[in-house]
Amino acid sequence: MYLVFLGAPGAGKGTQATRVCEKYNIPHISTGDILRANIKEGTPLGVEAKKFIDKGLLVPDEVVIGLVKQRLGEKDCQKGYLLDGFPRTIEQAQALSEFADITNAINIQVDEKLVVDRIAGRRMCKCGESYHISWYDKDTCAKCESKLYQRDDDKEETVKSRLEVYKKQTAPLIEYYEKKGVLSNVDGSQSMDKVFEDIVRILDDND
Ligand code: AP5
Ligand code: MG
């Protein structure tokens, strides 16, 4: 199972990826999470990536492609993986096709108004859990009790730019994977459980 999750910022890629990876026991590879971890540790990659992420722009292709290529070469990726937030440009997808055979690209569809609301209300924990103020009113994580925080790039101005970048640079990947015959669309505006159910049905049907 070699999966790609597509979808606008806030569509629910991370939320669903966590569940899918747990069910099928495959690694969850989120380029956003890897880049944020590097920023936190202050690595040279993190310092470079921060300049782009803070503006809501994409980190240059060659940086991200190198990062993913290296990660997919690790042992735990031999029997499958889920890519969350990669590829994000046609160039990234073409590079990926040279070292991976994607079996399913799941496109989580959500309209713009809803994603803005989801991002504005999102609260994160350092353990990776994510919450939304509409259904979670505590300021500590239910799993590890750490203090929740808002992502730096979840500010209104940055969100606008992330959505523009998505439309211009990432949305063309829907057609790219459709032409390859591996694309499935999922209605991401449904409840988290229903979205998960739909994804599982698609993946189990393809077995
Ligand atoms: P990245 O971290 O990938 O962010 P993103 O694509 O903007 O997506 P998000 O993580 O914001 O949203 P999500 O779809 O994961 O939604 P979530 O599940 O959290 O990238 C960040 C930055 O890194 C980029 O801008 C770029 O600069 C850089 N970068 C990363 N990858 C790159 C690449 N390949 N190339 C170049 N640059 C790259 O859900 C959102 C909220 O909604 C949560 O609060 C959640 O609880 C809630 N929610 C989710 N599903 C539901 C539901 N069904 N019902 C109700 N609420 C829901
Ligand atoms: Mg995410």
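Values quoted throughout were computed directly from the atomic coordinates according to the rules given, and no laboratory measurement underlies them. Everything numeric here is computed off the predicted structure, so don't read it as measured data. Counting neighbours? That spans all protein chains shown, and the Cβs are built from the backbone with ideal geometry, glycine included.
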Worksheet entry | Hz values of 3J(HN,Hα) by residue in segment 36-44 - Karplus curve (6.51, -1.76, 1.60), Gly and Pro given as x | 5, 5, 5, 5, 4, 7, x, 5, x
Discussion item. I want to make sure I understand the PRE zone here: with the label point 7 angstrom from the Cα of Asp54 toward its beta carbon, which residues in segment 20-39 have backbone N atoms less than 19 Å away?
Written reply: 32-39
Worksheet item: About its Cα centre, what dipole magnitude does the chain give when the only charges are +1 on Lys and Arg Cβ and -1 on Asp and Glu Cβ, stated in debye to the nearest 20?
Response: 440 debye
Item to complete: Tell me which residues come under 5 Å, amide H to amide H, from Leu6 once H is placed; ignore anything under 5 positions away on its chain.
Response: Ile106, Asn107, Ile108
Worksheet item: In the structure shown, do any of Lys13/Lys180; Lys69/Lys138; Lys75/Lys155; Lys79/Lys167; Lys23/Lys143; Lys79/Lys147 have a Cα-Cα gap over 30 Å, and if so which?
Response: Lys69/Lys138; Lys75/Lys155; Lys79/Lys167; Lys79/Lys147
Worksheet item: Based solely on its DSSP helices, what 222 nm [θ] is calculated for the chain when runs of n ≥ 4 H residues each add -39,500 (n - 2.57) and the sum is averaged over all residues, nearest 500 deg cm²/dmol?
Response: -14000 deg cm²/dmol
Worksheet item: Where a ≥ b ≥ c are the square roots of the eigenvalues of the C-alpha gyration tensor, would you call the chain rounded, which needs a/c under 1.5, or, failing that, prolate if a/b is larger than b/c, or oblate?
Response: rounded
Practice prompt. State, to one decimal in nm², a quarter of the convex hull surface area for the C-alpha atoms of segment 114-155, i.e. the direction-averaged projected area.
Written response: 2.9 nm²
Discussion item. To check you understand DSSP bridge types, tell me what percent of the beta bridges within the chain (both residues inside) are antiparallel, rounded to 5.
Written reply: 25 percent
Worksheet item: When the Kirkwood radius is taken over all Cα pairs of segment 68-188, what Stokes-Einstein diffusion coefficient follows at 25 °C and 0.890 mPa s, in µm²/s?
Response: 147 µm²/s
Worksheet entry | segment 136-155 residues near the modelled Glu74 label - backbone nitrogen below 18 Å, point 7 Å along Cα→Cβ | none
Discussion item. I need the phi-derived Karplus couplings for segment 93-110: 6.51 cos²θ - 1.76 cosθ + 1.60, θ = phi - 60°, integer Hz, Gly and Pro marked x.
Written reply: 5, 5, 5, 4, 5, 7, 10, 8, 10, 6, 8, 9, 10, 9, 9, 8, 9, 9
Worksheet item: If you average the sequence gap of Cα pairs under 8 Å that are 6 or more apart and divide by the length of the chain, what percent do you get for the contact order?
Response: 31 percent
